[in-house]
Amino acid sequence: PLMAPNGRADESAQGPGNKPAAPSRIPHCTSLRSWESTLCESMASATGTSRGSEDIADRDDASSVASLPGSDAGYRDPSQTLIVLDWDDTLFPTGEFIDRWGVKCPEEGQYEPADEAQARALQDWREALTEFIEVACILSDRCVIITNSRRPWVSDCLDRFAPDLKPLFERSAKAPRVVYTNERLRPTRFRASQCMNLRPVKDRHLDLTQVTPEEVQEECTHVKYNAMKQEAAAFYASYPNQSWKNILSIGDMPFERDALQELAFRRVAPSRERLRAKAVVERTTPSISELALRLRCSAALLPAYVAFDGDLDLNFATMSEQEDPLAATAAALWLPEIADVPISRHAWGRGEAPTGEEEVEKAERAVLELAVLVHREVFG
């Protein structure tokens with residue numbers, strides 16, 4: 001059989017007669033929370049034997065050549081995986097709150113929902129964000145939120161819309177780092193920048209009339225690249241001669257993708273290094289229901305993104321209506337099994353949000369099925 005970049009056999013090339021039996025549609029977990037516990041156990045088991053060989057094989061000595069295959073096999077270990085996330089409209093529904101709901105932020109006090117529908121939507125998004133962050137921090141020892149907004153925008157957002165989530169961001173271990181790109185720039189470039197704070201949309205008073213879209217994209221890519229480079233250099237310095245192995249970027253703009261690809265292209269690496277650069281570009285300005293469902297699907301797919309043994313370039317923002325997002329994901333990850341999971345395409349802005357108890361339960365069950373299927377494929 002053909003081998004995928006991650007070492008898996010490509011069942012699609014084996015013919016229908018040789019295709020493995022479909023996994024059970026009844027998952028062994030009863031909730032996404034119980035799946036997170038299972039993921040923790042699997043990660044502890046999977047990484048228990050790889051970290052020791054990493055420390056030896058990455059060192060530049062005579063024995064490193066023989067140990068290199070063992071080292072490279074540990075690329076998906078949390079100690080070797082850097083996850084970079086955007087904030088606005090990737091984790092936080094900025095466009096929904098400010099543009100559609102007309103809510104001011106920052107502003108004193110927690111936001112009080114206008115009606116029961118808003119209250120339900122807010123709670124669903126908070127739970128989905130918590131699940132996603134928890135999974136990301138399980139899979140990576142350095143999960144970083146890099147934003148082009150200004151301090152303390154992320155804290156302001158949490159204070160206003162999700163104060164219960166602040167402990168998740170402030171705990172001493174396994175918490176996401178928040179990096180503001182303007183704080184990583186040289187002073188001269190900081191003063192010259194016209195597009196800094198272009199997002200979040202709270203700062204629309206900036207005069208951008210003299211700035212071309214190309215200049216805006218170039219500047220926003222530059223500051224993301226600069227922050228990513230610093231984070232990667234700090235992360236991959238746990239021991240002498242540690243190689244860069246596994247960087248995953250998720251955002252809703254091309255800046256993050258372009259910055260990561262530029263980082264990989266410019267990297268002056270030793271010959272033994274093999275960096276896996278993985279970029280996922282989501283749709284921008286999602287509704288709060290779309291973002292909540294997307295975060296749950298992304299949490300289910302994160303282990304597959306991290307475990308994929310190759311570069312990844314998934315751009316849902318430019319995908320045509322004729323392309324199916326889940327099928328494209330399945331093809332990119334060499335996991336044809338997940339294409340058949342009945343995930344609501346509302347997660348990618350296709351169709352209406354699930355409504356009614358039966359539809360909502362069906363959507364939740366599908367996400368859980370996706371999570372369990374990915375877990376089985378990644379961890380066995």
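The values are calculated or read from the model by the stated rules, or taken from the named source; none is laboratory data. Nothing here was measured: the structure is a model prediction, and the numbers come from that model. We place every Cβ from the backbone using ideal geometry, glycine too, and count neighbours over all the protein chains shown. The protein model used for the area step is the full one, side chains on, heavy atoms only, and it has no ligands, DNA or RNA in it. Shrake-Rupley method; radii C 1.70, N 1.55, O 1.52, S 1.80 Å.
Quick one: grab the alpha carbon gyration tensor of the stretch 113-184, order the square roots of its eigenvalues as a ≥ b ≥ c, and give me rounded if a/c is under 1.5, else prolate or oblate depending on whether a/b is larger than b/c. Could the numbers behind the result be given before it?
Details: a/c = 2.40, a/b = 1.38, b/c = 1.73.
Cα axes put the stretch 113-184 in the oblate bin.
With the Cα gyration tensor of the stretch 210-267 giving a ≥ b ≥ c as the square roots of its eigenvalues, does the rule (a/c under 1.5 for rounded; else a/b larger than b/c for prolate; else oblate) give rounded, prolate or oblate?
Since a/c reaches 1.5 and a/b is larger than b/c, the shape of the stretch 210-267 is classed as prolate.
First select every other residue whose beta carbon is under 9 angstrom from the beta carbon of residue 260; then total the charges, Lys and Arg +1, Asp and Glu -1.
0
What is the distance in Å between the Cα centres of the stretch 219-246 and the stretch 323-353?
31 Å
Averaged over every viewing direction, what's the projected area of the C-alpha convex hull for the stretch 227-317? Give it in nm², one decimal, please.
6.5 nm²
Percent of Cα-Cα pairs per 5 Å bin, from 0 to the last occupied bin, for the stretch 271-317, please list those.
5, 18, 23, 22, 14, 9, 4, 2, 1, 0
When the accessible area of the stretch 248-299 is split by element with a 1.4 Å probe, what percent falls to carbon and sulfur?
53 percent
Using a cut-off of 13 Å between beta-carbons, work out the net charge of the residues near residue 108 (Lys and Arg +1, Asp and Glu -1, residue 108 not included).
-2
May I ask you to give the average projected area over all directions of the convex hull of the Cα atoms of the stretch 64-185, in nm² rounded to one decimal?
Result: a mean projected hull area of 9.6 nm².
Could you check how many percent of all C-alpha pairs in the stretch 300-343 are farther apart than 14 Å?
Of the Cα pairs, 48 percent sit more than 14 Å apart.
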